[in-house]
Amino acid sequence: RKPHVSFRVPGYKWSIWQRIINRRRSTETWRPSEEEENQHFTSKSDSDFGDEYKSIVHFERWTKSGDSLLLIMSFECGHCPTVRLYSQYWILDRTGFGCKFAEGFEDILGSVPDKDTSRKSYLSSSDDKEPLIQKDMKLPGSQWSIGAKGMSLYFSKKERLAFCIEVEKGRTQSVLKPVRKSRWSSIDISNVMPKTMIAVEENGGLKCYEFAISVNVCPGIFSRTRLITLVPRYRIINLLHRELIVAQDGALESPILIPSQSSVPFHWENGALPRKVRLGTPNPRELRTGNSSWTNGRVRLDSVGISSMRIPNDTNLAKIPMVVQTEVRLATKEQPSAVVAVIWSAHEKMNNPLYLLRNATPYTILCRQPLQEEHGESAAEGESNAGPLLAEACNDNGPAFHCAQPDIGPIILSFLGLNRIEEFVWILGPGDVVTFGFDDPEKPHILEWTCVNGDSPEFDERCTKAFLEVDAMSSVSTLSISGGKQIQCRIGAEYSTKVIEFAEVSQHQTVSPGENILKSIRSRGLHYEEMLKSEGVEVEHTSQSIDDEEDVGFGLRIDLPGMSVSVVDNSNQSHHGREIVMAEFERLYVSFSQSREGYHEFELRLASFQVDNHVQQSIHPVLIFCPPLHGEEPLLHVSAVRRLQPHSNTFVFRYAAIRLLEIDIFLDRRTAESIANFIEPIIIPRETQQEEPSVWARELTNKMEKVFEQNYFVPEGIENTLQNANSGRIYFEQLHLHPVRLSFTFTQEWIEFDQRADSMMIIQFVRGMASVANAPLTFNSFVVSHVFESPQALARVILTHYSSQLTKQIFAILGSLAILTAPADFISNVGTGVRDFFYEPINGAVH
């Protein structure tokens, strides 16, 4: 007998009869027919099921104009053979467009897609009217096979994906409208892949559409299928309580309106222009006329970081300047984009503003960000001088204005092409505290300021002014005034905010910052002492005043000759716990001290480190080994110096450095999956672990249906995430993470397929790797100055810095042809910009 089977999926006719072959693919006692051989399918990604016989099943659409469908049928031989029908890829199209996909092209020019593998992520108007299609659309999950609402099944023997844009989804409803068709773009999808960038250009136009594509293995019973997710590269979120317009710099005639508390994907009107946008908050009249005021500054969407910027508005209605904070950050796994740009008001109390201006003097202070070249040169000269900058106060009498104007007529300037940028002047009366934002965050963060009489607030160009570098914590500039007094401007940190404070000081007043800090600490100590006394707690009395107390200096040192840590896996309830790894630390030294000058110093040194592998039947007995190549140099050296602040919740580090010497790693597949199964409950929520694959697929389909019907939405939890990410900011004057060099050895082996570790991408990499010996993995340094970020944001940038380098090197080892492009530049906008380069780790100095 020759048993056969036929299949039908929603939207398609019954397939031709397929013979059930209860044989192993490697058998030599039987060979398939020529027709069956042509339908035979093999793939390197199916190495775990390489001995199963697989064939391609072809489905024809009910309608003549629809695309065909190719699925894979596999046979697991046995007394009761298992027949599986599955798709090689699922496509999740969250771009907001209707896209067409194909493996390749039938012509040399690459304009006619391959007919057999062609698929769509939207339902055309002609198919939508077909009664048979309408009937099948009522079946659960029919969107995947039919190709509708951003969902589609896909097959590619070459493991490549080419796609183009055909239609655009409406803004307020799930209506598809034709757009100018884009050109085709292609990418390799043979391996699992994190979010990487891919762009398609408008066919015959200037527009450029940028997307992010990722490839992951589906969980559980769907593990033979890979999920391809397409999302916009950029999504802009408006958390203001008013409408916002955004346009590409150089293409202001094509703005995008973002309603309050909503978000939209963003693409470029002109692909040849820089990846920068300008913002505006128009009133209803400006919306009607189209004459909106735009920011002087620009936001780089391809550069991760946070900035505070002033937005021009109607000064007759607004008593204080409007300042918004813009944070460009890498999107989380759940967010439907690769990069999100979040814009919110810096005036709200729940959000910690990035900068504050505080005038603690009885005078009027005028300040601005210099945008002209001559101002930049003056500021540079002021920064080059050692010590605080001294300048004489300007004359009180002069022409009154609030914006710097050119010295010659505007007609002549316009004729010569020398129009100057308008510079907004901040006016601070005595006791004023104002949220501050730069006119142009891309310009040097320099503050130009002067002091005038309160009765005549003027900013005369003839005045001698002082300049201050805002990025450098504790930087100071001083302005001399009449009566032998001085106005001092200093940068400090309070509650995750940089405070630019103006205060009156005497020329003979010389109080060191460390002394002020220690006095503040002692004051808080006395305050806590009074609190304890009020609650009936006896406290030793001291008769000394704050000024009479001696500065306290102390130190603590811990020196351990050795330490061992054993990891026992008891996750399997049917077996007793078993040791899987054992880590040994040699000569661990830790020190902590406080100096009389107001500094905390921390140092950690680890001489050697080794991890033994106790996983059953593992190939390598040692998992991590540190060769003693450099004598007495420690394997790990960490050093940090913190400057104490009057506000104890603000951490300011003068210096922090980490150096790690060379490490050898020996890994095999069995060990990798055992460790992954052990740590999975730690990094993945329990409710996610217990979710059934069928439930996961159903929820994925339902979620995609909801997303397809709305474009304006704010990702869940973005406000809480934003608030947490902008709280507890820390400042590093110098942060130096030295390069790292690893030697990686991996041994591939066949073991029984385990679906429990599918959710971890590193295991998905491991299953497709070949054996390698002593492969070098190098990571560039991370050197940055004047960092003022929250711990979460800084950790995310550092993690991305190393994970992106690791992913590219792993892909090189795998031999993948995919060109990985990071979602954004995540190092140039951190502090004064990250310098990343490689040198031998032993040459890295740690002070």
Surface accessible to a 1.4 Å probe, per residue, for the residues of the stretch 247-295, Å²: 44
Estimated FRET transfer efficiency (Lys485, Ser803; beta-carbon r; R0 51 Å; 0.05): 0.40
Restraint check, Lys129/Lys195; Lys276/Lys808; Lys54/Lys703; Lys333/Lys808, Cα-Cα greater than 29 Å: Lys129/Lys195; Lys54/Lys703
Surrounding net charge for Pro621, when Lys and Arg each add one and Asp and Glu each subtract one, Cβ distance under 14 Å: -4
Separation in nanometres of the label points that stand 7 Å from Cα toward Cβ, at Ala360 and Leu287: 4.4
Estimated inter-spin distance, Ser6 and Arg242, nm [label 7 Å along Cα→Cβ]: 6.7
Label point distance in nm, Ser68-Glu705, each placed 7 Å from Cα along Cα→Cβ: 3.1
Subset of Lys100/Lys135; Lys100/Lys158; Lys207/Lys706; Lys13/Lys100; Lys158/Lys207; Lys64/Lys181 violating a 19 Å alpha-carbon distance limit: Lys100/Lys135; Lys207/Lys706; Lys13/Lys100; Lys158/Lys207; Lys64/Lys181
Positive minus negative residues near Ala607 (Lys, Arg vs Asp, Glu; Cβ under 10 Å): -1
Fully extended contour minus Cα-Cα distance, from Lys138 to Ile813, at 0.36 nm per residue: 238.4 nm
Two-site FRET efficiency, Gln617 against Ala272, from Cβ-Cβ distance with R₀ of 51 Å, rounded to 0.05: 0.30
Full-extension gain in nm, Trp14 to Glu494, via 0.36 nm per residue minus C-alpha separation: 165.8 nm
Potential extension, Ser254-Val83 segment - 0.36 nm per residue separation minus Cα distance: 56.1 nm
Of all accessible heavy-atom area on the stretch 243-340, the percent that carbon and sulfur account for (1.4 Å): 50
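The values are calculated or read from the model by the stated rules, or taken from the named source; none is laboratory data. All of these numbers come straight from a predicted model, not from anything done at the bench. All Cβ positions, even for glycine, are placed from backbone atoms using ideal geometry, and neighbour counts span all protein chains on display. We work out accessible area using only protein heavy atoms, side chains counted, and drop any ligands, DNA or RNA first. Shrake-Rupley method; radii C 1.70, N 1.55, O 1.52, S 1.80 Å.
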